[in-house]
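Asker: One structure follows; several queries about it will come next.
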Amino acid sequence: MKIDQIDLLVSEVETWRFCNKCSHMELNDSESNKKCCPRCESALWPDEGQKKHLIRLKSVVATTGDKNSRLDDKSEERSHTSFLRKMHVGFDPKNVVKAFSIKADGKTFAFEFIRSANFCDVNFGEPGLDSHAVEIAGERKGRKGFPICSKCGKVQTAGKEPRHTYTCPAKGRENEKTFCSPVWLYREFNSECIRLLIPPYYGQNLQSGEPSFVAALHLGLKKLFGGSINHLQTTYQEVPIKDGLSAKHLVLYDTIPGGTGYLKELTRSPDEMLKVLEGALEVLKSCPCNQEPGKDGCYRCLFAYRFSKELDGLSRELAKEMLADIIRNKDKLEEISHMGTIDLEERLDSELEVKFLEAVDRYRQAGVHVAVKKELVGGKSGRLIDIGLNKWRLEPDVYIRLPNQPARHIQADFLLTPVKIDKLQNLKPIAIFTDGFKYHKAIISEDMWKRKALVDSQKYLVWSLTWHDVVATAKEVDPAQCLNILDPDGKPKANQYPQWIKNKLPDFEGFHRLNSFELLFRYLQHPSIDQWKDFAKYHAGLFVDNDPNKLELLKQTIPEWHITNFQCKTAFGVYEYQDRNQKTALSLFSSFLDKDQSFSVLCFLQDAIEDQPFDDFRPVWNGYLRLYNVFQFLPESKFITQKGITQDLYPQPVKENHEVPDEKWQSVINETLDDDAKSFLHYLANQGTQIPIIGFELMVNEEVSGMAEMAWPDKKIAFISNDHEEMKSVFIKHQWSCLSGEQIRNRPHEAAAIIIS
C-alpha cells in the first residue's frame, strides 16, 4: 500500500529555515532579521537556499485498488522505497537535570539527562541528484521532497500525468500555481532523553566505533530492564564547536511523548548508566561467538534486528574495547553542570579521520571515472580507490618505520599505496596526516620534522590535510581558512605563469586554486613525479626577482648552513606574509640553481603561537602545510619553523662515515647496535668527551637492576633506547640522568653539553 495524498485540510504548508552546520531548525518568521544561526552562528543562516516548505504530518490517504492491495501467497517480495530522514533534536539548557563525565587517557565519556527535549522527525523524500543538494546539519545531500497538488494534496510523480482527487478544482485546469514546490514532511513531539558523548575510538576499525557502541548500549538496556525496550531509540545530534565546525553527540530518547521514566531512572545515580555498560560488556564477553574463529559478533549478542542495516560496521571486539575503556576508569567519574562545559575541540583530530573517509567515499570529479570501494586492509576498514586509469589502496592508522632509523616509527593517519598505475612505475606510497588546529598548533615543528623524515627517506610522499580541507564544500581554497601562497597574483613572474602551465603542463591548469584535498585526488589521477616536480618548479620561479640582497633578511634568525644553497649568482627572490599586526608570519625564499634547471626553496614559519593572533595564524598554518604538499617534489626544498630552530630540530647533519680520532672510539661505535647511538657517538668523537661504556649494567646491592645502551658512570648519565623505555624509571630512581633517542638525534649539541659539563 502506498500513501499518495496529504490531507491539507488539517495540515498547511509551513516555511522553515534550516542551519547548514548544526541541527537547528525553526519556523521562518517574516519579521526575523537574524544574521546567523542562533545556535552555532553559521553565516549561511539567512540564505534563501536554507528556507524550505514543510507540512506537519497529521492525516494521510492511500488510494489503492482492491486487486493491488491484496498479497499473492506465491511471493513474499515487497517493493520498498527508501526515504532520507533525520531527527532534529533541540532543548533548553535549563532542562538538563544531571550530567556526569569520565576523562582519562585523553578521551572523554559523558552523559546528561534532559527532562524535556523537542524531537522533529523530517522526511526529505527520496534521495535526489546533486541538483537537489542542500547542506543541512553538516550533510550535503540531494533531497527531492514530495511534489503535491496545492488544492487536493495528491502526491505527484515526475514524468507522469498530473494526479488529483475526483473533486479537486484543479483537475484538468493546471497552471503554474497548481503544484507546490516539493515539500518535506515532519512530525514532532517532546520527550525525555539522555545525551551521550562517546569517546573517539576509531583506531583499528574506522567508522565502526559509533554503531558498535550504540548496539552495545541497547544490549545493556535490554539486560537491565528486560522485556521490550523498542520505545527507546537513538539518534545523533550535531553540536556546534566554533568556526562553523560541529561534532556528533548520541541521543538516547523515549519515543513515547513525555517519556516513560526509564531514562530518568538511569541518571538517578551515575552507577545506573555504568550498570548498563557493564551488563553489555558481560554479555559480549560470555557470548559463544567468542569461540568461533572469524566471528566478530552474532545475533545472540550485538546483531539485533534493528541494526540489520549496519551489520557490516558492527564489531563485537571493538565494542568490548570501548566499554572496557570506560569501565576501567569509572573511579574517575565526576558530576558536572552540563556537557556544554566539555572542550569538544580535542575531538576534532579523531573526528577528522572519519570525515576524511566520508569525503573519499563521496568524491566525484567531472569527466573522470571515480569509484570507491570499502574493503579490509590489514584487518582495518580501508578503501580501494579507482580514479581515471589508476587504482590506490587506502589503509588507516599505519605505523611506518624510518628506513635510516629502524628504532623509530612514525604513525600516519592513512597510507595510500599504488595498486595499478597507468604507464608509471616505482611510485611511492603516500603518508596522509589529518591535522586539527587545536592540537597541532603547538607541535608544528615536530609535525614538519616527521614529514621531512619520511620524504628524506626517499621511500614515501606525505600529504597534510586540515579540517577545512576535508569538510569544505567548495573545491577551491577558502582564503579565510587557508593562505594561498601558490596564487601567481602579485608575484614577480606572475605574467609568465599561464604560459608555463599552458605549454608544459596543460593538465595542471587551475591546480593552484585547489584545496589540499582536491590536490591529493588530482595527484592520484596524475601521479607523475616529474610533472609534479615541474609544477613545483614553476611555482618556485614565481618568486624570483633577481635581488640577491634579500638573502640578508633571514640571516639573523636562521642558522647559516640552512641558507647556504641560496647564496647563488643566478637569481633570487623572497615572499613575505604579514598578519594584521605587521608581524612576519611566513617567509618563502626561492633560488634558481644553475643545474638541471632546478630551484631551491626555503619556507620559514613563525610558529610562536603566543605572539600570533589566533584567527590570523590558522590560515597561515594551513597554507604552509598546503605549500609543502607541492614543494616536497623539489629535492632542494626546506620547510622550517622558529620553534624548530629553538628546539634544535635542524642540526647540521653529522656524517656517519667520517674519520674518528682513534681506534678506541671506533671500537665503541662498532659495539653499539642502536642507529641513534651510533650516529651520536660519531658526533662525540670529535668533541673531546669521555668514551662511554657500551651495554652498561646498573648494579644495586650486587644485583643487576637496570641496563642502558651506553653510560658515563662517573657523571651518572645513561642513554636508554626506545625499545627499553621501562629502564628509565630504574635509573632515575637512583639519581641518574637519562638521554632520550629524540634528544641525541635532534639535539646532539645539547646532549653533548650535558656530558661535557
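The values are calculated or read from the model by the stated rules, or taken from the named source; none is laboratory data. Everything quoted here is computed from the prediction, not taken from an experiment. Here Cβ is always computed from backbone atoms with ideal geometry, including for glycine, and neighbour counts include all displayed protein chains. To get the accessible areas, we keep the full protein, side chains included, count just its heavy atoms, and leave off ligands, DNA and RNA. Shrake-Rupley method; radii C 1.70, N 1.55, O 1.52, S 1.80 Å.
Asker: Does the range 141-164 hold any residues that are part of a loop (DSSP other than H, G, I, E, B), under 13 Å from F179 (Cα atoms) and among the basic types (K, R), and which are they?
Answerer: The answer is K151, R163.
Asker: Another question about this same structure. Any chance you could count how many residues in the range 711-728 are of a type in the set (A, V, I, L, M, F, W, C) and under 11 Å from G741 (Cβ atoms)?
Answerer: Residues meeting the conditions: 2.
Asker: State all residues of the range 225-257 that are at pLDDT 90 or above and over 25 Å from the mean Cα position of the chain (by Cα); if no residue qualifies, say none. Can you show your working first?
Answerer: Step one: of the range 225-257, the residues at pLDDT 90 or above are 231-235, 250-257.
The answer is H231, L232, Q233, L252, Y253, D254, T255, I256, P257.
Asker: Okay, next question. Of the residues K285, K248, K275, only one is of a type outside the set (S, T, N, Q), surrounded by fewer than 21 Cβ atoms within 10 Å (Cβ to Cβ) and touching a Lys or Arg at 6+ places or on another chain (Cβ under 8 Å); which? Outline the logic, then answer.
Answerer: Details: K248 fails: touching a Lys or Arg at 6+ places or on another chain (Cβ under 8 Å); K275 fails: touching a Lys or Arg at 6+ places or on another chain (Cβ under 8 Å).
The conditions single out K285.
Asker: Quick check: anything in the range 560-580 modelled with pLDDT of 80 or more, out of contact with any strand residue (DSSP E or B) (no Cβ under 6 Å at 6 or more places or on another chain) and in a loop (DSSP other than H, G, I, E, B)?
Answerer: no
Asker: For the range 526-536, name all the residues that are part of a helix (DSSP H, G or I) and either within 13 Å of K428 (Cβ to Cβ) or open to solvent by 40 Å² or more (accessible area, probe 1.4 Å) (or both).
Answerer: Hits for the range 526-536 are I529, D530, Q531, W532, K533, D534.
Asker: Mind listing whichever residues of the range 689-748 are among the small types (G, A, S) and surrounded by 15 or more Cβ atoms within 10 Å (Cβ to Cβ)? Walk me through it before giving the result.
Answerer: Pass one, the range 689-748, residues among the small types (G, A, S): 695, 705-706, 708, 711, 718, 721, 729, 737, 740-741.
G706, A708, A711, A718, S721, S740, G741 - these are the residues of the range 689-748 that are among the small types (G, A, S) and surrounded by 15 or more Cβ atoms within 10 Å (Cβ to Cβ).
Asker: Moving to a separate point now. Have a look at T260, T234 and point out the one that is more than 30 Å from D469 (Cβ to Cβ), part of a strand (DSSP E or B) and among the β-branched types (V, I, T).
Answerer: T234
Asker: If only one of D447, D507, D456 is at pLDDT 90 or above and over 23 Å from the mean Cα position of the chain (by Cα), which one is it?
Answerer: So the residue among D447, D507, D456 that is at pLDDT 90 or above and over 23 Å from the mean Cα position of the chain (by Cα) is D507.
Asker: Sort out which residues of the range 417-469 are part of a strand (DSSP E or B), surrounded by 20 or more Cβ atoms within 10 Å (Cβ to Cβ) and among the basic types (K, R), and write them in order of number.
Answerer: Hits for the range 417-469: nothing passes.
Asker: Here's a follow-up. I'd like to verify a number: residues in the range 360-373 that are assigned to a loop (DSSP other than H, G, I, E, B) and open to solvent by 50 Å² or more (accessible area, probe 1.4 Å), how many?
Answerer: 5
Asker: Can you pull out the residues in the range 374-416 that are open to solvent by less than 60 Å² (accessible area, probe 1.4 Å), of a type in the set (A, V, I, L, M, F, W, C) and modelled with pLDDT under 90?
Answerer: V377, V398, I400, L402, A407, I410
Asker: Can you tell me which residues in the range 481-504 are open to solvent by 70 Å² or more (accessible area, probe 1.4 Å), part of a loop (DSSP other than H, G, I, E, B) and at negative phi?
Answerer: D489
Asker: Any residue that is over 20 Å from E26 (Cα atoms), among the aliphatic types (A, V, I, L, M) and either in a loop (DSSP other than H, G, I, E, B) or open to solvent by 30 Å² or more (accessible area, probe 1.4 Å) (or both) - is there at least one of those in the range 99-111?
Answerer: no
Asker: State all residues of the range 152-166 that are touching a residue at least 40 places away in the same chain (Cβ under 8 Å) and not polar (S, T, N, Q); if no residue qualifies, say none.
Answerer: Listed by number, the residues that qualify are C152, G153, K154, V155, R163.
For every residue, the table says whether it meets (1) of a type outside the set (D, E, K, R); (2) modelled with pLDDT under 85; (3) surrounded by 17 or more Cβ atoms within 10 Å (Cβ to Cβ).
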| position | (1), (2), (3) |
| --- | --- |
| P127 | yes, yes, no |
| K141 | no, yes, no |
| V155 | yes, no, yes |
| R163 | no, no, yes |
| C168 | yes, no, yes |
| P182 | yes, no, yes |
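Asker: Search the range 33-72 for residues being assigned to a helix (DSSP H, G or I) and surrounded by 10 or more Cβ atoms within 10 Å (Cβ to Cβ), and hand back the single one that is modelled with the lowest pLDDT.
Answerer: Once the filter is applied, the top-ranked residue is S69.
This table checks each residue for (1) open to solvent by less than 30 Å² (accessible area, probe 1.4 Å); (2) in a loop (DSSP other than H, G, I, E, B); (3) at pLDDT 90 or above; (4) over 30 Å from A304 (Cα atoms).
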site	(1), (2), (3), (4)
A117	yes, no, yes, no
C120	yes, no, yes, no
S131	no, no, no, yes
Y186	yes, no, yes, no
N190	no, no, yes, no
Q204	no, yes, no, no
E210	no, no, no, no
A216	yes, no, yes, no
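Asker: I need the full set of residues from the range 652-672 which are modelled with pLDDT of 75 or more and not β-branched (V, I, T), in order please.
Answerer: Those that are modelled with pLDDT of 75 or more and not β-branched (V, I, T): E663, K664, W665, Q666, S667, N670, E671.
Asker: Now, a different point. Look through the range 470-480, keep the residues that are among the β-branched types (V, I, T) and open to solvent by less than 70 Å² (accessible area, probe 1.4 Å), and return whichever of them is farthest from H539 (Cα to Cα).
Answerer: Checking each candidate, the answer is V471.
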